[in-house]
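Here is the structure we will look at.
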Amino acid sequence: MTGGCGFIGSHTVVELQQQGYTVVIADNLSNSLASVVDNIEKISGQRPVFEQVDLSSRQACLQFFNIHSDADAVIHFAAAKAVGESVRIPLHYYRNNIDSLLNVLEGMEKSDCRTLVFSSSCTVYGQPKKLPVTEKTPRLAANCPYGNTKQIAEDILTDLVHAYRVKAAAKEAVGKPWKILALRYFNPIGAHPSGLIGELPNGVPGNLMPFITQTAAGIREKLMVFGNDYNTPDGTPIRDYIHVCDLAAAHVCALKHMEKGDFEGMDFFNIGTGCGYSVLDVIKSFERSTGCKLNYEITTRREGDIEQIWANAEKAEKILGWKASRTLDEMTRSAWKWQQNLQGKI
């Protein structure tokens, strides 16, 4: 698992280990801490193998796959992920997110490990003309470099699968066929119910939920709400927020689907709740579920943000047997428990 010490990665490691999988983490710790491995062990009772490796370095990545050439599958999380930051430093996003994917795919080819769950994003839909979005919704121009990297990555994976099929038809294919599922995440928030793992960005958070919890904890003076003049009921942007534990469970379902043996090629799945909540909805949920009053201020729109999006996730339920189950209040309450644990208050 690449990026396995990160927010989504760490929760997925726990879920996989609790389902009997053996996990090897590759992470450069650019936006995470090695101590996460200790907390994963406390939750699951198993310690994953951890290797600190920069997957955007081709040499380091191929060496990693050479060492772990017996892997059955890869879940690729490792990527820079903040929309606003990607607008400010686009070259970092293109180099990091695309180079690491290419290196991972080359390592997988060399070790004949051809089963991949790819961490994609709802940003590939841009600002959709019709809601909710299904997997057949056209991909529009992404509003930010981060979204562009996910579109490019999906195209790379599609081309890879097509190339194998062309070779197979000509009886020139070598190795196993590719099995790739791209999970288009909506907006993961929340934390493990133990409070031992959660979202911990380095520096100033680029995502809403950690900024909320850090503001409530007094680490940040106030929460800035970027725009209240959108065409939504309360004027603030709407997103499909999903509990990170529900999202982690989707990866296990994806792996089990590909393990059945009758799947080859590539497919795409929306991983969301099907409900849209505004920024102010999330703030009110946090205040309601925790009893904490938030200091927030409305400011101008942030470049790269879209107005509103939420998912139709029926395909994931029908084919993968997965469905989100946790409420928005459960998401915000668990995120606050994680923040309190960080500060030694629980």
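Only the coordinates and a few stated rules stand behind these numbers; no lab work does. As the structure is a prediction and not an experimental result, all values here were calculated from the model. Reconstructed Cβ throughout: ideal geometry from the backbone, glycine too, with neighbour counts over all protein chains shown.
Points worth noting:
- Approximate spin-label separation ASP72-LYS323, in nm, with each point projected 7 Å along Cα-to-Cβ: 2.8
- Computed from phi, the 3J(HN,Hα) profile of region 299-308 under the Karplus parametrisation 6.51, -1.76, 1.60 (θ = phi - 60°) reads 10, 6, 4, 9, 4, x, 7, 9, 6, 6 Hz, with x in place of Gly and Pro.
- Alpha-carbon gyration tensor eigenvalues x 5, square-rooted, for the chain, Å: 32, 23, 19
- Loop-located GluC sites (Glu not before Pro) in region 136-215 (DSSP state not H, G, I, E or B) with no more than 12 neighbouring Cβ atoms inside 10 Å: GLU172.
- Karplus (6.51, -1.76, 1.60) ³J(HN,Hα), θ = phi - 60°, over region 127-136, in Hz, Gly and Pro reported as x: 9, x, 7, 9, 10, x, 8, 10, 5, 8
- Across region 196-201, coupling constants 3J(HN,Hα) worked out from phi with the 6.51/-1.76/1.60 Karplus curve, θ = phi - 60°, read 8, 9, x, 8, 9, x Hz, and Gly and Pro carry x.
- At R0 = 30 Å, FRET efficiency that the Cβ-Cβ distance of THR158 and ASP38 yields, to 0.05: 0.20
- From largest to smallest, the equivalent ellipsoid semi-axes obtained for region 225-267 from the alpha-carbon gyration tensor read 38, 13, 6 Å.
- Region 239-287 - Rg (one decimal) and Dmax (whole number), Cα, Å: 15.1, 47
- The calculated FRET efficiency for ASP262 paired with GLN18, based on their beta-carbon distance and R0 = 22 Å, is about 0.25.
- Net charge dipole, region 219-346: roughly 580 debye, given to the nearest 20, about the Cα centre with Cβ charges of +1 for Lys and Arg and -1 for Asp and Glu.
- Ellipticity at 222 nm from helices only: DSSP H runs of n ≥ 4 in the chain, each -39500 (n - 2.57), divided by the residue count, give -12500 deg cm²/dmol.
- Distances between placed amide hydrogens fall under 5 Å for GLN308 paired with ILE238, all partners being 5 or more residues away or on another chain.
- Residues of region 184-220 with amide N under 19 Å of a point placed 7 Å along Cα→Cβ from GLN340: 190-200, 209-220
- Residues ASP240, ASP72 in ascending order of nearby Cβ atoms (within 10 Å, fewest first): ASP72, ASP240.
- This model, with +1 at the C-beta of Lys and Arg and -1 at the C-beta of Asp and Glu, gives the chain a dipole about its Cα centre of some 360 debye.
- Prolate/oblate/rounded label for region 39-187 (Cα gyration tensor, a/c 1.5): oblate
- In this structure, the residue pairs whose Cα-Cα separation is over 30 Å, taken from LYS136/LYS176; LYS129/LYS284; LYS171/LYS260; LYS136/LYS222; LYS136/LYS260, are LYS136/LYS222.
- Length-normalised contact order for region 7-342 - Cα pairs under 8 Å, 6+ apart - percent: 21
- At an R0 of 35 angstrom, the distance between the Cβ atoms of THR134 and LYS110 translates into a FRET efficiency of 0.45.
- Positive minus negative residues near THR232 (Lys, Arg vs Asp, Glu; Cβ under 13 Å): -3
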